Every structure is written in C-alpha cells, then in structure tokens.
Amino acid sequence: MTRNYLPVDANLQRCGVYLPSKSYCCCNSEETVLHLFLLGPVAVDIWSHFANKFGVIMDGCGSLSSVFLMWFHSNPLVSKNHIRVFFRVIICWCLWLERNNARFRVVPCQSVNVIRQVDQFMELLGISRMLKSQHFKGNRDCVLFRFAPTLAKKVIHVAIAWGKPLLGRQV
C-alpha cells in the first residue's frame, strides 16, 4: 500500500490496462492510492474522526508513510503492539473494503460505513479477548480499553507446615 502496489485505476493504467479512472468514493478525482487512503473526502473524514479520538495531529501528512509515522510517534508510550499501530492498518483495510463495495457492488462509499466497520472490528477483537491492557499504554481513556482485561495479581497467603519424615519411610 505505501509502495503503491494496489490495483487502483491509476496503477492499472501505468501497467498498460487502459480504462477510465474515477474515484469510487467521490467520483470527482482519479483513483490513486493517495486519493483513496488519504486525500479523498471519505478518507479525510475517517482519518480526522479517529485522529480526534486518539488526539493525533495530522497536519502536514502528504503520504501514507507520514500518516503511519505520525500515528506511531503521537504518543511516547507507543510500541510495535500498541493500539495505535494496528488501528491505522484496520482503517486502511476497511477503506479498501468500502472502495470494493462501491466498485463491485455499486454501494455508495460513505465515511460512516467505514467508521462503523472499524469500530465493529475493534469491538470484535475486544470481545474475543485479543486486546490486552498493554496495547493501550497512554490510551487508557480509549473506549476500547473496556475490553482489555486488567491483570491484577492476586496474592494468596498459604500456611505451610513441614515435618521431618520418619526414618525408613519413603515419600
């Protein structure tokens, strides 16, 4: 995706497949990876919605790589398995699904559909106990944190008595 390998119209034309190109999400622009995932009106709505949820400032993002880096560096506690790392991938995946629905099923492409899909997917991860509390370091106020089990260590005090075995008895 960040290397521009997806079969969007502009990439297909570059490979010799000539077809009229239009964005299936807004019908106003040529379909490119950048337009579909970042600069198109649907993508802008989606990124701004989730950026507001996580407090990510998206100013100056002109490529998907810069968006991914912005989300990664938006919190000092982000690690490779942080919610912000896989959240951006889920957003792109749901955008791609919505684009395919618009193209092949002739369903209108709408940002509310993508936002709902992302929320449902993340909720399913939570219900299936795939989300852990360490995924939310620095984001405990995230709505999805309620699905992460908190591991409270229980200390159980047990009295133990030991007696010397009798001579000649095997234990």
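Miscellaneous remarks
- A count restricted to segment 26-53 and to residues that are touching a helix residue (DSSP H, G or I) at 6+ places or on another chain (Cβ under 6 Å), assigned to a loop (DSSP other than H, G, I, E, B) and open to solvent by 30 Å² or more (accessible area, probe 1.4 Å) stands at 3.
- Considered as a group, the residues in segment 100-142 that are among the small types (Gly, Ala, Ser) and not in a helix (DSSP H, G or I) include one that is farthest from residue 52 (Cα to Cα), and that residue is 128.
- Residue check for residue 42: modelled with pLDDT of 80 or more, β-branched (Val, Ile, Thr) and within 25 Å of the chain's Cα centre (by Cα): yes
- Residue match in segment 149-163 (condition: at pLDDT below 75, open to solvent by less than 80 Å² (accessible area, probe 1.4 Å) and not hydroxyl-bearing (Ser, Thr, Tyr)): yes
- Among the residues making up segment 94-120, a single one is open to solvent by 40 Å² or more (accessible area, probe 1.4 Å) and in contact with a Cys (Cβ under 7 Å, 6 or more places away or on another chain): 117.
- Close Cβ contacts (under 8 Å, 6 or more residues apart or on different chains) running from residues in segment 51-75 that are touching a residue at least 40 places away in the same chain (Cβ under 8 Å) to residues that are aliphatic (A, V, I, L, M) and open to solvent by 40 Å² or more (accessible area, probe 1.4 Å) comprise 53/143; 63/34; 64/1; 64/34.
- Segment 54-82 - residue that is in a helix (DSSP H, G or I) and in contact with a Phe, Trp or Tyr (Cβ under 9 Å, 6 or more places away or on another chain) and, of those, surrounded by the fewest Cβ atoms within 10 Å (Cβ to Cβ): 54
The values are calculated or read from the model by the stated rules, or taken from the named source; none is laboratory data. Remember, it's a predicted structure, so these values are computed and weren't measured experimentally. Neighbour counts are summed over all protein chains in view; Cβ atoms, including those assigned to glycine, are modelled from backbone coordinates with ideal geometry. Quick note on the areas: whole protein, heavy atoms, side chains included, nothing else; ligands and nucleic acids left out. Shrake-Rupley method; radii C 1.70, N 1.55, O 1.52, S 1.80 Å.
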